[in-house]
1. Select from segment 256-284 the residues that are out of contact with any Leu (no Cβ under 8 Å at 6 or more places or on another chain) and among the charged types (D, E, K, R) and write down the one among them that is surrounded by the fewest Cβ atoms within 10 Å (Cβ to Cβ).
2. So for segment 120-143 (the condition being touching a residue at least 40 places away in the same chain (Cβ under 8 Å), open to solvent by 30 Å² or more (accessible area, probe 1.4 Å), under 24 Å from the mean Cα position of the chain (by Cα) and under 30 Å from Ile258 (Cβ atoms)), does at least one residue qualify?
3. What about Ile178, is it at pLDDT below 95, assigned to a helix (DSSP H, G or I) and touching a helix residue (DSSP H, G or I) at 6+ places or on another chain (Cβ under 8 Å)?
4. Run Gly93 past the list (1) modelled with pLDDT of 95 or more; (2) in contact with a Gly (Cβ under 8 Å, 6 or more places away or on another chain); (3) of a type in the set (Gly, Ala, Ser) and report the number of the one that doesn't hold.
5. Please enumerate the residues belonging to segment 216-242 that are small (Gly, Ala, Ser), open to solvent by less than 30 Å² (accessible area, probe 1.4 Å) and over 20 Å from Gly275 (Cβ atoms).
6. Just the residues that are within 17 Å of Asp364 (Cβ to Cβ) and part of a loop (DSSP other than H, G, I, E, B), please, taken from segment 89-134.
7. Tell me, please, whether a residue that is of a type outside the set (D, E, K, R) and closer than 30 Å to Glu246 by Cα can be found in segment 189-196.
8. Against the condition open to solvent by less than 60 Å² (accessible area, probe 1.4 Å) and either on the phi > 0 side of the Ramachandran plot or under 56 Å from the mean Cα position of the chain (by Cα) (or both), how does Thr354 come out, does it pass?
Amino acid sequence: MSLTSAISNALSGLGATSLGAEIVSSNLSNASNAAYAKREVSLVSNLNGGVQVTGIQRHRDAAVQASLNAQSAQVAAAEVRTHALAAVDAAVGTVGDSGSLTTALDDMQSTLISAAAQPESDVRLKQVLYAAEDLAARFNAVGDATQAERLSADYSVARDVETVNEVLSQIEKLNKQIISTKENGRGAATLSDQRDQAIATLSELIPVRTLERDNGSVALVSRGGQVLLDGKAVTLEFTPVQGMDEAMTLDSGALSGILIVGGDGDDISNRLIGGQIAATLQVRDSLMPQASDELAAERQSMLDATAFDGAGLFTEGDGVLSVREQLSADPWRLRDGFTPTSPGYVANAGFLDTLAAGTESISDSLGNYVSKQSAQLLRAEMSETSANARHTALQEAAASEGVDSDAELQSLLMIEKLYTANARVISVVDEMMDTLMRMT
């Protein structure tokens with residue numbers, strides 16, 4: 001080997017080890033960065049000796065990352081459902097707890113029994129009305145909570161759609177930058193890290209499958225088959241409402257679906273399977289309407305059970321329960337009914353016994369309704385806990401393939417030795433050339 005070749009080989013070694021030290025330094029400084037993929041210098045031997053850097057390789061298990069993204073979507077969806085059900089359950093209350101529907105019903109039953117025992121007491125009759133107003137308020141609070149969660153879900157979808165559009169635009173730009181960087185022969189590891197992080201953010205809202213393209217870009221397709229990005233990102237459109245009531249539904253056209261700007265006008269919501277947006281739409285269009293229907297059934301049972309003398313203790317309009325105004329003006333009608341024009345025999349319990357029996361007849365039904373709401377919330381919480389446990393396990397699996405600080409330090413020691421060895425070769429060749437020059 002000539003001295004020139006020896007210097008050339010040593011210089012290539014110095015360049016490779018210098019880059020290797022830089023990469024190890026980058027790995028160590030990002031050891032705690034979950035969005036960072038470990039780097040490694042790729043080398044090949046030259047035919048005439050020495051080494052050549054062919055690139056910088058990112059180490060990231062695409063399958064593990066895809067599973068982690070999918071699980072993140074499940075966690076986000078579970079949290080959305082649990083939050084909505086918890087709000088309704090808080091309004092319904094728990095059987096036996098103060099402030100619950102069942103406790104309010106028990107209180108009204110107690111006042112009815114007390115009034116029936118002493119029907120001439122105006123105080124006890126008014127106590128019945130106070131308890132009835134409290135029970136109506138509890139029913140209305142549950143209805144309000146249900147519609148508030150639907151309205152909140154509608155707003156949330158609007159915000160999430162804006163985020164999706166921003167992230168898709170970011171990924172489109174990163175795709176272009178990666179293509180350009182690779183065409184110019186430079187590494188795109190940092191850009192790839194940023195793109196992976198953006199895809200992870202998107203996947204919480206809309207789970208996507210990532211399709212690698214030959215030029216280094218990626219295409220994104222939802223689990224339901226909707227292409228969100230392939231060269232050009234789509235722009236989603238959603239129109240939130242200003243208020244919400246039980247009659248407003250997607251089918252009636254009162255609520256918005258998710259559309260593609262410039263598309264055919266079809267609602268693509270059913271193609272955005274899984275994730276936070278799908279769960280939020282489920283809350284708005286399915287979960288809370290079901291809760292409204294169940295509440296309406298209990299409300300109707302209450303109206304039927306407290307009907308007397310051709311009218312009833314309560315009236316209902318637009319899902320709002322209230323005590324009949326005639327009773328508030330003339331409490332004695334709880335005892336005598338709506339037909340008389342003046343109070344009757346005050347010692348006669350009259351309709352009070354009828355009302356007490358009526359409320360007793362629906363206590364089991366209302367108790368079952370309250371228990372059902374609590375059980376539904378419990379199932380949602382268990383599902384969220386399970387989703388979080390799987391997510392944690394996948395995070396640990398993803399972290400295990402990340403930067404190992406001990407291994408990187410060992411690599412750094414090896415790089416130092418190689419650098420020293422190559423530097424020594426150059427030093428020795430320099431000494432040899434000086435010796436030769438003095439001999440001439």
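The values are calculated or read from the model by the stated rules, or taken from the named source; none is laboratory data. Remember, predicted model here, so these are calculated numbers, not experimental data. Reconstructed Cβ throughout: ideal geometry from the backbone, glycine too, with neighbour counts over all protein chains shown. These area figures cover heavy atoms from the full protein model, side chains too; ligands, DNA and RNA do not enter into them. Shrake-Rupley method; radii C 1.70, N 1.55, O 1.52, S 1.80 Å.
1. Selected residue: Asp264.
2. No, that holds for no residue.
3. Working: at pLDDT below 95: yes; assigned to a helix (DSSP H, G or I): yes; touching a helix residue (DSSP H, G or I) at 6+ places or on another chain (Cβ under 8 Å): yes.
Answer is yes for this residue.
4. Unmet condition: (1).
5. Matches in segment 216-242: Gly216, Ser217.
6. The answer is Gly93, Thr94, Val95, Gly96, Ser100.
7. Pass one, segment 189-196, residues of a type outside the set (D, E, K, R): 189-192, 194.
Next, only the ones that are closer than 30 Å to Glu246 by Cα stay: none.
Within segment 189-196, not a single residue is of a type outside the set (D, E, K, R) and closer than 30 Å to Glu246 by Cα.
8. Details: open to solvent by less than 60 Å² (accessible area, probe 1.4 Å): no; either on the phi > 0 side of the Ramachandran plot or under 56 Å from the mean Cα position of the chain (by Cα) (or both): yes.
Answer is no for this residue.
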